[in-house]
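Notes to accompany the following structure.
The values are calculated or read from the model by the stated rules, or taken from the named source; none is laboratory data. Keep in mind the model is a prediction, meaning the values are calculated, not measured. Heads up, the Cβs are rebuilt from the backbone with ideal geometry, glycines too, and the neighbour counts pull from every protein chain shown.
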Amino acid sequence: MKVIFCGTPAFAVGVLKAIMGTSHEIVAVLTKPDKVNKRGHGIKFSAVKEYALTNFLPIYQFEKVGRDGYDILSSLKADIMITAAYGQILPERVIDLFPFGVINAHASLLPKYRGAAPVQYALLNGDTEVGITIMRTVMEVDAGDIILKKSIKLKGDENTEEVLDQLSPLAGDAIVEVLDLIYNNSMVLTPQNNEFATHTVPLKKENAVINFNSRATDIVNFIRAYAPNPGAYTITSHGRLKILKAKIDYDEYSAVPSTVVVSNKRGISVKCKDYAIIPLIVQGESGKIMYAGDYFRGRTVNIGDKFKEN
């Protein structure tokens, strides 16, 4: 089949790579327009664009795919469109271009966690199982009929990026399996039960502050969900501190939440609502990512100091 692929972040590369390994023909790759990097110097390509350039695939970057890309997509006469974290909503007239429709790889076990941040919400909620759903694209976000699901178990310390790295090749395998089902006319569609649908929105930097009045388990999961970007943070006497990985200290401490209850050459513990957390990997304000023990050896933090929300 002739395939148009749409995707933007690293997660989508695993899907594109898997399709490249089949006999199906990729006639175009769509990805979001380039961005100027944070310091205002140079252009930042998406992970999908980098991969497509390396493999000499035709690339299109439409500001609005329905407005700017319709005529080009129509002229390509593709049989099917595959999407994976593309970042744009497809209008109905684009969906209708393809005889076999549009198939999406979504990083959750639908109908749970529809929307833009499925892995982050799974980690926030402490889920021990995550997965991939391959579905037909319809006009309602992530509400199309399910074709295939695949799942994996988590160890319990993975962050968002690490989970997506595991799900990316899984999504690629699932898409290839679905393409074979479609090609052999053996695909079965299962409608989603909307009663069990949950929805997600992107996690924002302004909501990334750590609330030490929460349980230690919830704080560790919060840190996992926000890592590596935008990064969960607190305020210390040395400025804003991102905590990118942490574990629970199960000792009992008589202190109010946000109080430093351990400080030694190995690092620190900070009191939470119940137990405490031990930061493992941190990033100081305008600094490098480093082990917490190394960070705190160069900055005085005493037992009794309090971390703040702002």
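Could you check, for the range 30-46, whether at least one of its residues is among the small types (Gly, Ala, Ser), assigned by TED's automatic domain parsing to the domain that holds Glu177 and modelled with pLDDT of 95 or more?
Yes - at least one qualifying residue is present in the range 30-46.
Determine the pairs where a residue that is under 20 Å from Ala171 (Cβ atoms), located within the range 83-102, has a partner that is part of a loop (DSSP other than H, G, I, E, B) and basic (Lys, Arg) with Cβ atoms under 8 Å apart, the partner being 6 or more residues away or on another chain.
Between residues of the range 83-102 that are under 20 Å from Ala171 (Cβ atoms) and residues that are part of a loop (DSSP other than H, G, I, E, B) and basic (Lys, Arg), the close pairs are Tyr86/Lys32; Gly87/Lys32; Gln88/Lys32; Gln88/Lys64.
Are any residues in the range 147-199 outside any loop (DSSP other than H, G, I, E, B) and of a type in the set (Gly, Ala, Ser), and if so, which ones?
Passing the criteria: Ser151, Ser168, Ala171, Gly172, Ala174.
Give just the number: which of (1) in contact with a Pro (Cβ under 8 Å, 6 or more places away or on another chain); (2) farther than 28 Å from Lys204 by Cα; (3) not basic (Lys, Arg) does Ala116 not satisfy?
So the condition that Ala116 fails would be (2).
Going through the range 163-196 one residue at a time, which ones are free of Cβ contacts under 8 Å to residues at least 60 places away in the same chain, touching a helix residue (DSSP H, G or I) at 6+ places or on another chain (Cβ under 9 Å) and not aliphatic (A, V, I, L, M)?
Within the range 163-196, just Ser186 meets the criteria.
Against the condition under 25 Å from Asp165 (Cβ atoms), of a type outside the set (Gly, Ala, Ser), touching a Lys or Arg at 6+ places or on another chain (Cβ under 8 Å) and crowded, with 17+ Cβ neighbours inside 10 Å, how does Thr8 come out, does it pass?
Against the criterion (under 25 Å from Asp165 (Cβ atoms), of a type outside the set (Gly, Ala, Ser), touching a Lys or Arg at 6+ places or on another chain (Cβ under 8 Å) and crowded, with 17+ Cβ neighbours inside 10 Å), Thr8 qualifies.
Could you figure out which of (1) hydrophobic (A, V, I, L, M, F, W, C); (2) within 24 Å of Ser168 (Cβ to Cβ); (3) modelled with pLDDT of 95 or more isn't true of Leu76?
(2)
Being among the hydrophobic types (A, V, I, L, M, F, W, C) and touching a Cys at 6+ places or on another chain (Cβ under 9 Å) narrows it down to one of Leu97, Leu76, Leu16, Leu90, so name that one.
One residue alone meets the criteria, Leu90.
When you go through Val270, Val256, Val262 one by one, which is the residue that is hydrophobic (A, V, I, L, M, F, W, C), part of a loop (DSSP other than H, G, I, E, B) and more than 27 Å from the chain's Cα centre (by Cα)?
Of Val270, Val256, Val262, the one residue that is hydrophobic (A, V, I, L, M, F, W, C), part of a loop (DSSP other than H, G, I, E, B) and more than 27 Å from the chain's Cα centre (by Cα) is Val256.
Please indicate, with yes or no, whether at least one residue in the range 131-151 is in contact with a helix residue (DSSP H, G or I) (Cβ under 7 Å, 6 or more places away or on another chain), at pLDDT 95 or above, assigned by TED's automatic domain parsing to the domain that holds Arg67 and polar (S, T, N, Q).
There is at least one residue in the range 131-151 that is in contact with a helix residue (DSSP H, G or I) (Cβ under 7 Å, 6 or more places away or on another chain), at pLDDT 95 or above, assigned by TED's automatic domain parsing to the domain that holds Arg67 and polar (S, T, N, Q).
Just one of (1) under 20 Å from Ala174 (Cα atoms); (2) charged (D, E, K, R); (3) touching a helix residue (DSSP H, G or I) at 6+ places or on another chain (Cβ under 8 Å) trips up Asp34, so point out which.
Status for Asp34: all satisfied but (1).
Tell me the residue from Val3, Val29, Val48 that is surrounded by 17 or more Cβ atoms within 10 Å (Cβ to Cβ), of a type outside the set (Asp, Glu) and in contact with a Gly (Cβ under 7 Å, 6 or more places away or on another chain), please.
On the way: Val3 fails: in contact with a Gly (Cβ under 7 Å, 6 or more places away or on another chain); Val29 fails: in contact with a Gly (Cβ under 7 Å, 6 or more places away or on another chain).
The conditions single out Val48.
In the range 296-306, which residues are closer than 15 Å to Ile235 by Cα and either at pLDDT 95 or above or of a type in the set (S, T, N, Q) (or both)?
Within the range 296-306, Thr300, Asn302, Gly304, Asp305, Lys306 meet the criteria.
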